[in-house]
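Following: one structure in structure tokens, then a few remarks.
Every read-out reported here was derived from the displayed coordinates using simple, explicitly stated rules and does not represent laboratory data. Computed from a predicted model, the values in this text were never measured in an experiment. Backbone-built Cβ (ideal geometry, glycine too); neighbour counts: all protein chains shown.
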Amino acid sequence: MTAASGVVGAAPAIRPRAAGFLADCRSIAGRALRAIPREPEAIVPALVIPVFFFVVNIGALERVAESERVEGTVSDFRAFQLPVAIIFAVTGISRASALVTDIQNGYFDRLLMTPIRRLSLLLGLMIADLALVIALSIPVVMLGFAVGVRFETGVAGTLLFVLMAGLWGLAFTGFPYAIALKTGNPAAVNTSFILFFPFAFLTTAFLPQEALTGWLSTISDWNPVTYLLAGMRALILTGWDGAEIAKGFAAIAGVGAVSMTLAFAALRGRLKRG
């Protein structure tokens with residue numbers, strides 16, 4: 001109220017926070033994405049390691065893999081290796097370590113005291129993970145272009161290739177989140193990447209299926225990454241091979257079903273204990 005006029009001034013408008021499940025997911029994802037630039041140590045290795053292996057594998061194995069004396073000869077080893085580099089870049093990238101920090105410092109418990117939807121506590125982080133792994137895929141694809149890799153499926157195939165990489169990265173995040181929620185231990189979360197090594201090396205990462213023998217050939221037949229790599233390679237080398245691409249998506253769905261079941265079961269257990 002002013003002394004001269006006696007008129008009460010208008011109160012500032014108060015805007016309520018958007019309510020609903022999607023708003024909760026957006027809020028959690030936004031917080032997670034804003035934290036990423038402050039933690040470059042978690043992102044830089046995800047680019048350095050796949051680039052290193054990509055360059056070294058090309059230099060060491062390209063002539064051997066393209067030799068006519070090798071069964072299942074690879075016509076373009078650089079294109080053959082690009083999906084492997086992408087998989088190394090996006091696998092195991094998650095905000096699980098940040099979730100452990102939230103659990104340890106009590107922030108997670110404080111969130112549980114709010115009316116936020118419980119599923120959004122995990123789904124919001126996964127949305128941020130999907131955005132991050134797609135962003136990590138782009139520099140690796142650009143490196144592939146720089147060394148001469150070209151997609152038989154054109155721009156549409158390149159976009160689908162990046163999407164497959166992002167969905168694989170998302171599917172695998174269920175494992176570190178399950179460990180984070182179950183243990184609340186940062187060391188346990190950091191070792192979750194070890195789960196990927198059987199996926200990565202007991203498969204067609206370096207040679208085609210025809211060149212594998214013995215027990216390695218048998219294991220690779222049951223390894224979902226074999227079919228993921230085949231689908232991604234089809235987009236580069238052979239074109240729109242619907243069967244191979246469908247098998248790649250089926251492999252993503254299978255791993256995702258297992259990892260997400262574990263993650264959301266761990267979330268329910270954490271909520272019961274909390």
statement: Extension length gain for residue 111 and residue 268 (0.36 nm per residue less Cα distance), in nm, is 55.0 nm
query: Extension gain residue 119-residue 219, at 0.36 nm per residue separation less the Cα-Cα distance, in nm?
result: 32.5 nm
- line: Dividing the mean separation of Cα pairs under 8 Å (6+ apart) by the residue count of segment 21-273 yields a relative contact order in percent of 24 percent
message: So if each residue of separation counts as 0.36 nm, and I subtract the Cα-Cα distance between residue 196 and residue 34, what length gain in nm does that give?
response: 55.6 nm
- request: Report the semi-axes of the equivalent ellipsoid for segment 164-256 in whole Å, largest first, where each axis is √(5λ) for an eigenvalue λ of the Cα gyration tensor.
  value: 27, 17, 9
- prompt: Short version: what are the Cα gyration tensor semi-axes of the chain, square root of 5 times each eigenvalue, largest first, in whole Å?
  reply: 43, 22, 16
- request: Please name which of 256, 214, 137 has its Cα lying farthest along the dipole of the chain towards the positive end, using unit charges on Cβ (Lys, Arg +1; Asp, Glu -1) and the Cα centre as origin.
  value: 256
